[in-house]
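S.K.: So that we are looking at the same thing, I have put the structure below in C-alpha cells.
The values are calculated or read from the model by the stated rules, or taken from the named source; none is laboratory data. Quick caveat, the model's predicted, so the values are computed rather than measured. Virtual Cβ from ideal backbone geometry, glycine too; neighbours counted across all protein chains shown. Please note that ligands, DNA and RNA were not included when accessible areas were found on the heavy atoms of the full protein model with its side chains. Shrake-Rupley method; radii C 1.70, N 1.55, O 1.52, S 1.80 Å.
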Amino acid sequence: MWWDERVSARFRRNLQPTLTYWSVFFSFGLCIAFLGPTLLDLRCQTQSSLSQITWVFFSQQFCLLLGSCLGGVFKRTLAQSLFALFASSLAISLVFAIIPLCHNVVVLAVVMAVAGLAMGCIDTISNMQLVKIYQKDSAIFLQALHFFVGFGALLSPLIADPFLSDTNCILSNSTANASSNLPHIRKSLVPHHPGNLSHYDLPMKGMVVTRVSYAFWIMALINLPVPIAVFFLLYKERMVPCFNGSSHPLLSADELAMETRPVDKDELSTPGQRPQAAGGHDDLLSCCQSRNFRGASYTYFAVHVTGALVLFMTDGIVGEYSGFVYSYAVEEPLAVVHKVAGYLPSLFWGFITLGRLISIPVSYRMKPATMVFINVVGVLVTFLLLLIFSSSVVFLFVGTASLGLFLSSTFPSMLAYTEDILQYKGCATTVLVTGAGIGEMVLQLLVGSIIHDRGSYSFLVCGMIFGCLAFTFYTFLVFFHRMYPKPSPELDDASPDKAAVTDDTGQYQR
C-alpha cells in the first residue's frame, strides 16, 4: 500500500465506521446536486412561477446552513452522532420519495428544508467523526470523504437527465416559445435569483406532463443502503436499544492490550463516564459560550476566524462560479451557444471530483498547509488568466477545469490544517463548516445582484476579488499559526500515534 503500515493498520481498525461516513457523504452529494436540473419539472409539478420555485433553492440552502450550525448538538457522544446520521440519511431517502407527491410549492419548500437540515447535520458530524478517529492522519481520509460528495453530486444529475422534459411540461396554448428556451432557462436558474428570465412566459395552468418522479424514486432506492449501513454500525457498536443490555463497545487490539495495564481504562470505557474532549467540538452556540474562552489566547480565536474566512471565500467561489459560469458564457463578448455553454458547470464539477480523487494520495505526501497554499494561489492565478483572456472561449473551458482542480481539496485540507493547529481542542470543524456554508449562500446572491446591475464581466472581477481575499486570509492564518502556543511534551505523548486510550484517539466509546 502506498501509505505506511501505521496508517494502514489504523484504517483497518476503523474500516467500518470510515466506510460508513464516506457513504453518508455520498448521500449528501446525491441530495445537493439534483435540484438544479429538476427545478423546471418541479415548477410544472407545483404549477408555480420561476420566482416562486427558486425559493425552494433558498429553503434548502438556508436550512443546510442551520443544520451545520446545530449539528454539533448530536456529536457529543458517538451514540448521538450515529443516531443523528441514521435519521439524516433516512430523511434524505424519504425526501426523495416524497418530492413527487408535493404539488404545492410551499409544501415542496418545507420538504427541501428538512433535507437541508439533514444535509447540514451530515456535513458537520461526518467531518468531525473522521477528525476524531484519525486526528493527525485525518487529511487523507477527509480528502476521500469529500470525493464521495463530489461523486454523489455527479451521479444525481445523470440519474435525473433521462426523465427531464424536453418540452414545456405544462401543456397550454403558449408553450411553443417557452419550450425552445427550456435548456437555457434550466442552466440559468440559481438559488433565489431568476435574473433576467422573467420575460419568458412559462404557463402555470394546464395539463402537467412530467416523468421526473421516476428519477426521485430511483435516487431514493440508491440512497436507501446508506441508512442501513449506519444502522449496522450502530448494531456493531451495541447502541441499538434492544441489543444494548450490559454489553460494551467493541475494543480494538490496542485497547485490549491496554486493558491489562493498571490504568484508569475502566473509567474511560464505561458508558456515561468518559470525559468530553477539552475545549469544545460542540455546536456553534456552545462554541460561543464564555466557558470555552477562559484562558484562551487571541490566536485561538484568530485561527478559527481566519480559517472560516478562507473557506467563506473559496466555497463562495464554488457557489458563484457553478451558478453563473453558464450565464457569463452565453452573454457578450463570448456569446457561446447555449448547448456548448451548458457543458461548463458539468466540466467544473467533474474536475472538482477528479481533483478530490487525485488529492487522496497527494495529501499523504504533502502537508495540509502546503495544499491550501497551492489551492488559493492556483485560484488566484486562474482568475487572473481568465481576466486576461476573457475573450477566449477555449481558455474559458481550460480555466473552468483548472479552477475546479484547485478548489477541489481546499475544504478538507483547510479543515485538517486548522484542527492540527488547535490540537483538536477547539471548535474548528463547526466554525469552518458554518463559514463555508454562509459563503456559498451569500456570495452567490451577491454576485447575482452585481451581474444584474454591472454586466457579465463583473463575474470574473468578483471571482478575482474573492481569490485575493482568500489568499490574504490564508496569509493571516499562517501568521497566527506561528504565534499559536506549541503543544507540550505531555500532549505529544498522548497523541494518537503513541497511545490509544486518550479521549481524542477516535476509538469508539459511548
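S.K.: Looking for something of a type in the set (Asp, Glu), assigned to a helix (DSSP H, G or I) and touching a Cys at 6+ places or on another chain (Cβ under 8 Å) - is there at least one such residue anywhere in segment 297-319?
M.R.: no
S.K.: Also: Of the residues Val433, Val442, which single one is surrounded by fewer than 24 Cβ atoms within 10 Å (Cβ to Cβ) and part of a helix (DSSP H, G or I)?
M.R.: Val442
Residue-by-condition table, conditions (1) of a type in the set (A, V, I, L, M, F, W, C); (2) under 20 Å from Ala139 (Cβ atoms):
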{"position": "Tyr326", "(1), (2)": "no, no"}
{"position": "Pro333", "(1), (2)": "no, no"}
{"position": "Val340", "(1), (2)": "yes, no"}
{"position": "Phe348", "(1), (2)": "yes, no"}
{"position": "Ile358", "(1), (2)": "yes, yes"}
{"position": "Tyr364", "(1), (2)": "no, yes"}
{"position": "Ala369", "(1), (2)": "yes, yes"}
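S.K.: Does segment 41-100 hold any residues that are more than 19 Å from Ser165 (Cα to Cα) and hydroxyl-bearing (Ser, Thr, Tyr), and which are they?
M.R.: Ser51, Ser59, Ser68, Thr77, Ser81, Ser88, Ser89, Ser93
S.K.: Test Val73 against the stated conditions and say whether it is surrounded by 21 or more Cβ atoms within 10 Å (Cβ to Cβ) and more than 15 Å from the chain's Cα centre (by Cα).
M.R.: no
S.K.: Out of segment 348-381, which residues are of a type in the set (A, V, I, L, M, F, W, C) and farther than 20 Å from Phe466 by Cβ?
M.R.: Leu354, Leu357, Ile358, Ile360, Val362, Met366, Ala369
S.K.: Out of the residues in segment 2-27 that are at pLDDT below 85 and assigned to a helix (DSSP H, G or I), state the one that is farthest from Ala84 (Cα to Cα).
M.R.: Glu5
S.K.: Considering only residues of segment 471-486 that are without any contact (Cβ under 8 Å) to a residue 12 or more places away in the chain and part of a helix (DSSP H, G or I), which is most open to solvent (accessible area, probe 1.4 Å)?
M.R.: Step by step, filter segment 471-486, then rank; the result is Arg482.
S.K.: Looking only at residues that are outside any helix (DSSP H, G or I) and polar (S, T, N, Q) in segment 404-430, which one is least open to solvent (accessible area, probe 1.4 Å)?
M.R.: Only one residue tops the list, namely Ser409.
S.K.: Right, something else. Gln135 - would you say it is open to solvent by less than 50 Å² (accessible area, probe 1.4 Å), among the polar types (S, T, N, Q) and assigned to a helix (DSSP H, G or I)?
M.R.: For Gln135, the condition - open to solvent by less than 50 Å² (accessible area, probe 1.4 Å), among the polar types (S, T, N, Q) and assigned to a helix (DSSP H, G or I) - is met.
S.K.: Out of Leu101, Leu50, I need the residue that is of a type outside the set (Asp, Glu), over 23 Å from Val149 (Cα atoms) and without any contact (Cβ under 8 Å) to a residue 24 or more places away in the chain. Which one?
M.R.: One residue alone meets the criteria, Leu101.
S.K.: Within the group Val377, Val372, Val398, which residue is at negative phi, buried (at least 18 other Cβ atoms within 10 Å of the Cβ) and either touching a residue at least 40 places away in the same chain (Cβ under 8 Å) or β-branched (Val, Ile, Thr) (or both)?
M.R.: Val372
S.K.: Hey, another quick one. Hey, among the residues in segment 77-114 that are hydroxyl-bearing (Ser, Thr, Tyr) and part of a helix (DSSP H, G or I), which one's modelled with the lowest pLDDT?
M.R.: Ser81
S.K.: Can you tell me which of Met414, Met441 is within 16 Å of Tyr300 (Cα to Cα), in contact with a Pro (Cβ under 9 Å, 6 or more places away or on another chain) and in contact (Cβ under 8 Å) with a residue 40 or more places away in the chain?
M.R.: Met414
Residues are listed down the side, and each one gets a yes or a no for (1) over 16 Å from the mean Cα position of the chain (by Cα); (2) surrounded by fewer than 24 Cβ atoms within 10 Å (Cβ to Cβ):
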{"residue": "Leu85", "(1), (2)": "no, no"}
{"residue": "Ser88", "(1), (2)": "no, no"}
{"residue": "Leu94", "(1), (2)": "yes, yes"}
{"residue": "Ala97", "(1), (2)": "yes, yes"}
{"residue": "Asn104", "(1), (2)": "yes, yes"}
{"residue": "Val114", "(1), (2)": "yes, yes"}
{"residue": "Leu117", "(1), (2)": "no, yes"}
{"residue": "Thr124", "(1), (2)": "no, no"}
{"residue": "Asn127", "(1), (2)": "no, no"}
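S.K.: If Tyr364 meets every condition in (1) under 25 Å from Leu65 (Cβ atoms); (2) in contact (Cβ under 8 Å) with a residue 60 or more places away in the chain; (3) within 22 Å of the chain's Cα centre (by Cα) apart from one, which number is that one?
M.R.: (1)
S.K.: Determine which member of the set Leu117, Leu145 is at pLDDT 85 or above, within 22 Å of Ile358 (Cβ to Cβ) and in a helix (DSSP H, G or I).
M.R.: Result of the check over Leu117, Leu145: Leu145.
S.K.: All but one of (1) open to solvent by 50 Å² or more (accessible area, probe 1.4 Å); (2) touching a helix residue (DSSP H, G or I) at 6+ places or on another chain (Cβ under 9 Å) hold for Ser456; state the number of the condition that does not hold.
M.R.: (1)
S.K.: Now for a different question. So in segment 199-258, with the set limited to residues that are of a type in the set (Ser, Thr, Tyr) and modelled with pLDDT of 70 or more, which one is farthest from Ser23 (Cα to Cα)?
M.R.: Thr210
S.K.: Among the residues of segment 36-46, is there at least one that is open to solvent by 10 Å² or more (accessible area, probe 1.4 Å), over 26 Å from Leu221 (Cβ atoms) and in contact with a helix residue (DSSP H, G or I) (Cβ under 6 Å, 6 or more places away or on another chain)?
M.R.: No, that holds for no residue.
S.K.: Which of the residues that make up segment 331-369 are open to solvent by less than 50 Å² (accessible area, probe 1.4 Å) and either among the charged types (D, E, K, R) or touching a Lys or Arg at 6+ places or on another chain (Cβ under 8 Å) (or both)?
M.R.: Those that are open to solvent by less than 50 Å² (accessible area, probe 1.4 Å) and either among the charged types (D, E, K, R) or touching a Lys or Arg at 6+ places or on another chain (Cβ under 8 Å) (or both): Ala341, Gly342, Pro345, Arg356.
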